[in-house]
Amino acid sequence: MIDIIKREAGKYKRYVIECGINDAGLTPDMANQFLSALKGDGIQIYFVNQRVIGGADDITCKTVKDTANANDGVYEIDWNSMASGHESEWFTDICHPNQTGAEKLTTLIHDELTKHATDNNPNNNEEDNEESNEKETPVNVEVTQA
C-alpha cells in the first residue's frame, strides 16, 4: 500500500487512510512511512482506526491517536469507538461494516473532513461570510464493501 501512497503523493490536499480490517492494523513504523510519503505544505492526512481481524485494535487505535496528536495536519477519525457496541452494523466477522455501518462510517468521514477542511487554509479568517463558504471544495466519500 505504501507504494500506492508514494505514487499518489502530492496529487491531493487531503488523504484518508483506513487502518486495519484484513491486516495487522497500523504500527508506528507504518504510520511514519505514510507521513514521510505524504507530508507537505497544506496536506491533511486522516487516519481512520478500525476493528482489526486478529485483535490488533489496541495498537492501531493507539498509533492513530499518537500520530494525530504529534503531527500538525494529521487527524484521527475514531470509527472504532463509534462502532463499538453496535454489532448489528457489522457483518458476522465483526470487522467489516454492513450497509448500515458503511453509511455511518461514510458520514463520520465526511463530518471529519468538513470539520478540518479549512484548518490549513491561510486565506480563512473569522470574518468569512456565506459567499466564501460556497467556494469550499465539496467532500465526496465512497465506501465499498469487499
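Since every read-out is calculated from the coordinates, none of them should be taken as a lab result. Fair warning: this is a prediction, and the values are worked out from it, not measured in the lab. Cβ coordinates were reconstructed from backbone atoms using ideal geometry, including for glycine residues, and neighbour counts include every protein chain displayed.
Here is the link list: 62/104; 11/62; 6/104. Which ones come out longer than 25 Å on Cα distance? All intermediate terms of the calculation are to be shown ahead of the outcome.
Working: 62/104 22 Å; 11/62 28 Å; 6/104 29 Å.
Among 62/104; 11/62; 6/104, the Cα-Cα distance tops 25 Å for 11/62; 6/104.
About the Cα centre of region 2-119, what is the dipole size in debye to 20, counting +1 per Lys and Arg Cβ and -1 per Asp and Glu Cβ, all else neutral? Please report the intermediate quantities before stating the final value.
On the way: 11 positive and 19 negative charges, 80 e Å.
Charge dipole, region 2-119, about its Cα centre: 380 debye, nearest 20.
What net charge is computed for the residues neighbouring residue 95, neighbours being all others with C-beta under 10 Å from the C-beta of residue 95, Lys and Arg scored +1, Asp and Glu -1? Mind showing how you got there, number by number?
Working: positive: 51; negative: 57, 93.
Result for the neighbourhood of residue 95: -1.
May I ask for the percentage of alpha-carbon pairs in region 2-119 that lie more than 19 Å from each other?
Numbers: 3145 of 6903 pairs.
Value for region 2-119: 46 percent of Cα pairs lie more than 19 Å apart.
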*Taking H as built 1.01 Å from N, whose amide H comes closer than 5 Å to the amide H of residue 74, not counting residues under 5 places away?*
45
*Mind sorting 112, 89 by how few other Cβ atoms lie within 10 Å of their own Cβ, fewest first?*
89, 112
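Express in nm, to one decimal, how much length is gained between residue 27 and residue 70 on full extension, taking 0.36 nm for each residue of separation and deducting their alpha carbon distance.
Working: separation 43, 0.36 × 43 = 15.48 nm, distance 1.48 nm.
Stretched out fully, the residue 27 to residue 70 stretch lengthens by 14.0 nm.
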*Exposure proxy order (Cβ contacts within 10 Å, fewest to most) of 19, 61, 95*: 95, 61, 19
_Mean Cα-pair separation over length for region 2-119, i.e. relative contact order, pairs under 8 Å, 6 or more apart, %_ = 23 percent
*Can you list the residues, at least 5 places off or on another chain, whose amide H is less than 5 Å from the amide H of residue 14, using H built in the peptide plane?*
44
*In whole Hz, what ³J(HN,Hα) sequence does region 58-73 give by Karplus (6.51, -1.76, 1.60; θ = phi - 60°), x for Gly and Pro?*
4, 5, 5, 4, 5, 4, 4, 4, 4, 5, 5, 5, 8, 9, 5, x
